[in-house]
Amino acid sequence: MTAPSFMEIALKEAEKAAQNGEVPIGCVIVRDGEVIAAAGNRTIADRDPTAHAEVLAIRKAATMLGSERLAGCDLYVTLEPCAMCAGAISFARIRRLYYGAGDPKGGGVDHGGRFFSQPTCHHAPEVYPSVGEAESAAMLREFFRVRR
């Protein structure tokens, strides 16, 4: 599969999250061209502020691989990761990060604290922004439009 195809899977995870009343963010983790983990936000359902799509997918991938290090894995997520998720991505040693919409308000990669640029960051993945950006942004806009 190619990057847009993996992002399409992440978008489907985001749609599932939205159907459950969660902020529509979806994530997939890929290794050797295969999806090994996928998740959508579950902060409300799990009553857990750390249940972001990225964290949940990292947990699944680590369990599947039997290691906390996800070297050689790529992560696709529909929204720029927040600082917490950027930290988890770094600690997991994710090889590449592909994200859809940028997040000027809460992002931690290309906005805000720019986690991977900090001297205290032990591992920074290659970052590819704007993959599936239009679809990701439209889904988020619609989700919040309905609620406002």
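Each reported figure results from applying straightforward, stated rules to the coordinates on display, with no laboratory input. This is a predicted model, so every value here is computed, not measured. Here the Cβ positions follow ideal geometry from the backbone for every residue, glycine too, while neighbour counts run over all protein chains shown.
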Legend entry - Residue-count net charge about Arg147 - beta-carbon cut-off 14 Å; Lys, Arg +1, Asp, Glu -1: +1
Legend entry - Under 5 Å, built H, 5+ apart or other chain: amide partners of Tyr98: Leu75, Tyr76, Val77, Tyr128
Legend entry - Charge dipole (debye, nearest 20) of the stretch 1-99; +1 at Cβ of Lys and Arg, -1 at Cβ of Asp and Glu: 240 debye
Inset, instruction - Express the relative contact order of the chain as a whole percentage, based on alpha carbon pairs under 8 Å and six or more residues apart in sequence. - result: 20 percent
Inset, instruction - With a cut-off of at most 13 other beta carbons within 10 Å, and DSSP calling the residue loop, which trypsin sites (Lys or Arg not before Pro) in the stretch 25-131 qualify? Please list them. - result: Arg47, Arg69, Lys105
Legend entry - Within-12-Å neighbourhood charge of Val127 [Cβ basis; K, R +1; D, E -1]: -1
Legend entry - Surface/4 of the Cα convex hull for the chain, nm²: 8.1 nm²
Legend entry - Structure-based [θ]222 nm, the chain - -39500 (n - 2.57) summed over DSSP H runs of at least 4, per residue, nearest 500: -12500 deg cm²/dmol
Legend entry - Under Karplus coefficients 6.51, -1.76 and 1.60, residue-wise ³J(HN,Hα) of the stretch 136-146 in Hz, glycine/proline x: 4, 5, 5, 5, 5, 4, 5, 4, 7, 4, 5
Legend entry - In sequence order, calculated HN-Hα J values of the stretch 71-79 (Karplus, 6.51, -1.76, 1.60; Hz; x Gly/Pro): 4, x, 9, 10, 10, 10, 9, 6, 9
Legend entry - Calculated log₁₀ intensity ratio I(q)/I(0) where the Debye formula runs over C-alpha points of the stretch 28-87, q = 0.18, 0.29 Å⁻¹: -0.59, -1.30
